[in-house]
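Derivation of every value follows stated rules applied to the coordinates shown; laboratory data play no part. Source: prediction; values computed, not measured. Glycine gets a Cβ as well: all are built from the backbone with ideal geometry, and neighbour counts include every protein chain shown.
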Amino acid sequence: MAKEKTLEDLFYDTLKDIYFAERQILRALPKMARAAQSTELKAGFEKHREETEGHVERLQQVFELIGKRAQGKTCEAIQGIIAEGEEIMEEFKGTPAIDAGLISSAQAVEHYEIARYGTLKTWAHTLGFKEAVTLLDQTLQEEGKTDKLLSQLATTAANQKASRAA
Ligand SMILES: [Fe+2]
Ligand SMILES: [Fe+2]
């Protein structure tokens with residue numbers, strides 16, 4: 001018979017998934033900042049890179065709280081999302097559509113994170129990991145704010161600029 005697996009196992013597995021993902025995102029954000037044309041978007045990516053360092057640290061705290069080793073587990077979903085973003089960077093580099101493309105890629109990343117942190121926070125609550133709930137919620141809030149800022153940058157400038165291209 002298969003060994004019993006519980007919500008706690010799922011929680012630990014998913015923590016490893018997002019820990020891997022955050023570290024990939026940390027590497028991708030500086031490239032996105034360099035590719036961005038608008039100063040606001042560049043600044044947004046740079047600010048979120050700093051926040052992402054905090055996300056990695058919070059995850060390390062959560063691993064510690066549950067008495068497990070902090071380790072990543074390959075997350076093919078984030079690798080695919082980042083690979084698509086790199087494709088956009090290559091194909092739209094230097095064109096009026098680059099910022100709109102970068103924003104769309106970044107929002108795919110944020111939505112992946114929001115899905116993961118939402119689930120982890122709910123599971124932490126069920127499992128009675130109170131401090132973990134607080135830590136996961138702090139990151140969830142920052143991902144949400146970043147997503148909203150990206151929407152704002154798209155609708156106030158980037159999409160218009162992209163559509164006005166000659
Ligand atoms: Fe994050
Ligand atoms: Fe994020």
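Here are the numbers for this structure:
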{"read-out": "Three principal axis lengths of the stretch 7-164 [C-alpha, angstrom, descending]", "value": "52, 26, 21"}
{"read-out": "Efficiency of FRET between E53 and S163 - r from beta-carbon atoms, R0 45 angstrom, step 0.05", "value": "0.80"}
{"read-out": "Aspartates and glutamates with Cα under 15 Å of K121, excluding same-chain neighbours fewer than 8 positions away", "value": "E8, D9, D13, D17, E113, E131, D137, E142, E143"}
{"read-out": "Between 0 and 90°, nearest 10: helix 7-35 axis offset from the chain longest Cα axis", "value": "20 degrees"}
{"read-out": "Angle in degrees between helix 76-92 and the longest Cα principal axis of the chain, rounded to the nearest 10", "value": "10 degrees"}
{"read-out": "Loop GluC sites (Glu not before Pro), the stretch 1-89, which have at most 11 other Cβ atoms in a 10 Å radius of their Cβ (DSSP)", "value": "E4"}
{"read-out": "Pairwise Cα inverse-distance average, inverted: Kirkwood Rh of the stretch 1-68 (Å)", "value": "13.7 Å"}
{"read-out": "Nearest-ten-degree value, helix 98-127 long axis tilted from longest Cα axis of the chain", "value": "10 degrees"}
